[in-house]
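Worksheet: the structure to be examined is printed underneath.
No value in this document is a laboratory result; all are computed from the given coordinates. From a predicted model like this one, the values you see are computed outputs, not experimental measurements. For neighbour counting, all protein chains shown are included, and Cβ atoms are generated from backbone atoms with ideal geometry for every residue, glycine included.
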Amino acid sequence: MGSTTATRSRALPAHEQARDQEQARLIDHAFHEALRLLKKHGASLGTLATALLEKETLVRSELEHMLACVAAESNSSETVGTPRGVELVDQG
């Protein structure tokens, strides 16, 4: 039992390092994607912010009208909350 624990201890740091690198990559990608979208849709976001300051609450039809010119870039919102598998990539 002691040797198994020692073996796991030696193997774990490499696994943790790979996990940490993947998490950092995903976070970095998400951050840059968020910045890109904010820059691209700044005018629409400004219009939305102004409307919210004036009315405090908007109904769906008002949002759809205000954002009609903004084309969806993905269908990811359709799968929110849906479990999915993640493919592990060997970086070695």
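Note that the range 7-70 carries a Kirkwood radius of 15.2 Å, evaluated over its alpha carbons pair by pair. Full extension of the chain segment joining Ala71 with Ala51 gains 5.2 nm, where the gain is 0.36 nm per residue of separation less the Cα-Cα distance.
Stretched out straight at 0.36 nm per residue, the stretch from Gln23 to Arg60 would grow longer than its current Cα-Cα span by 9.9 nm. Looking at the range 29-67, the GluC sites (Glu not before Pro) that sit in a DSSP loop and have at most 11 other Cβ atoms within 10 Å of their own Cβ are Glu56. Computing FRET efficiency as 1/(1 + (r/R0)^6) for Phe31 and Glu87, where r is the C-beta to C-beta distance and R0 is 22 Å, gives about 0.50.
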